[in-house]
Amino acid sequence: MSIHATGAALDSLAADAPQFQTNGGDWDEVLAQIAARDEEERVRDDRIVLNMGPVHPSTHGVLRLVLEVEGEHVTDVRVGTGYLHTGIEKNMEFRTFTQGATFVTRMDYVAPFFQEVAWALAVEKALGITDQVPEKASVVRVLLMELNRIASHLIAVGTGGNELGGTTLLTIAFRGRENILRAYEMITGLRMNHAFVRPGGLAQDIPAGAVEFIRSTLPNIKRDLGELEKLCMGNPILRGRMIGVGEIDLAGAMALSLTGPCLRATGYPMDLRKSAPYCGYETYDFDVPVYDRSDCFNRMRVRMDECFQSLKIVSQCLERLEQLEGEPTMVDDPAIAWPARMSLAADGQGQSLEHVREIMGTSMESLIHHFKLVTQGFHVPAGQVYQTVEHAKGLLGVHLVSDGGTRPYRVHFRDPSFSNLQSMAIMGEGGMLADIVPTLASIDPVLGGVDR
């Protein structure tokens, strides 16, 4: 039995082995064939490691993707961060709580107002003055955040389409975003890096005519959104490159802390504006868009739908601001309220000349108070707080620790772009090399927030 079994095994091996026919004198040719076959098997079995970056493929900032590929198929994806070196969280330990606003606005520089509001809410919670923030300040905060949500989503959709060759998508997105940036410039004096939202309220009231200006731009923004939506939803090339690409299910999304539009595309309607409202979001009428599976296409659809919902909220904010004309935008407590009175000039923000004349020429007490509060800041009771907001990219968390001084003892941000990048491996593995770019673009990370 063993002899017959061994013979059968040898017959099987012989059948599987490559066959060579020789007629004498052609051994060199046979050896060359064997060597070529061995080299082909060696190349096929070798693991090819491909560095994508560190550059910014379909995103804003410096990111490195380490890919293992077999031909055009991706077998492994590793995300490498840390190339931006901002050090924002550590720097904030050496600045007052008000000065911290100038740092946080530079994290996700595509959506700066979310960090500003989250930081202000965290400091106000630590001070115990959340209920003292004027209603008008909260309404303006919501207005700026929802405009910022539209601007951020326009960048996500436009740059993602541009990476697939659709430059027109990018130009339309930037055209719509430009109207929003003009509104920012009118209100804060700057197009980015605003530091306009301060603990206790706002740096100043919105200027006269701001409500009318924003209302006049809404039809143009809505037109650009509609045009972008038609180009994206009906384009067969874009649909072919996105539908079923970079897919992740709800269980995987929850396990990897996926958040924002990437999570809502799975069908889970997690939105802190509904589940844990802040700034009075519970009083606004809007819906939370969801879809049935999270792939590149549905993530884009969620963002487009959210833009239209944000327009609804913006319209409600404008109506409220008309009725809050003349109301304060900073808490009454003089020990906390920012003493400066800003004015807008051609070069951005500057001190109001009337305010400078008052503190320099008529009131020594005002000058001393201004100097001490600006240079030293206000004291925050010892303790720690955690504050969350619904960022354009998902859940943004702020962990603030105070030792009772005028500067934070420790600050840590739970940035949504950083947590969302954890899912890149699952979304990319098993797909084609060309699918990595739209997959990364659909996550919409901004590395200023990742490498904070």
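The values are calculated or read from the model by the stated rules, or taken from the named source; none is laboratory data. The structure presented is a predicted model; accordingly, all values stated were derived computationally and were not measured. When we count neighbours, we look across all protein chains shown, and the Cβ atoms used for this are built from the backbone with ideal geometry, even at glycine. Surface accessibility is based on the protein's heavy atoms, side chains included, excluding ligands, DNA and RNA. Shrake-Rupley method; radii C 1.70, N 1.55, O 1.52, S 1.80 Å.
What is the extension gain from residue 401 to residue 223, computed as 0.36 nm multiplied by their sequence separation minus the C-alpha to C-alpha distance, in nm to one decimal? Full-extension gain reported as 59.6 nm.
Calculate the all-directions average of the projected area of segment 145-219's alpha-carbon convex hull, and give it in nm².
5.5
By the rule of a C-alpha distance below 24 Å, with chain neighbours fewer than 8 residues away ignored, the lysines paired with residue 125 are 90, 136, 274, 372, 393. At a Förster radius of 25 Å, what calculated FRET efficiency corresponds to the Cβ-Cβ distance of residue 324 and residue 275, to the nearest 0.05? After rounding, the FRET efficiency stands at 0.40. Among the GluC sites (Glu not before Pro) in segment 59-104, those located in a DSSP loop and surrounded by at most 11 other Cβ atoms within 10 Å of their own Cβ are 72. Among the protein heavy atoms of segment 356-452, carbon and sulfur supply 60% of the accessible surface, probe 1.4 Å, non-protein parts ignored. Rounded to the nearest 20 debye, the dipole magnitude of segment 117-217 is 120 debye, with +1 charges on Lys and Arg beta carbons, -1 on Asp and Glu beta carbons, and the Cα centre as origin. Let me make sure I get this right: for segment 47-143, a, b and c are the square roots of the gyration tensor eigenvalues over alpha carbons, sorted descending. Under 1.5 in a/c it's rounded, otherwise prolate if a/b > b/c, else oblate. Which is it? Prolate, because a/c is 1.5 or more and a/b exceeds b/c. Counting Cα-Cα pairs of segment 263-341 in 5 Å increments starting at 0 gives whole-percent bin shares of 3, 13, 16, 16, 15, 12, 9, 7, 6, 3, 0. Our note on the geometry: Cα centres of segment 274-328 and segment 395-452, 22 Å apart.
Shape analysis of segment 217-280 places it in the oblate category; the axes a ≥ b ≥ c from the Cα gyration tensor give an a/c of at least 1.5, with a/b not above b/c.
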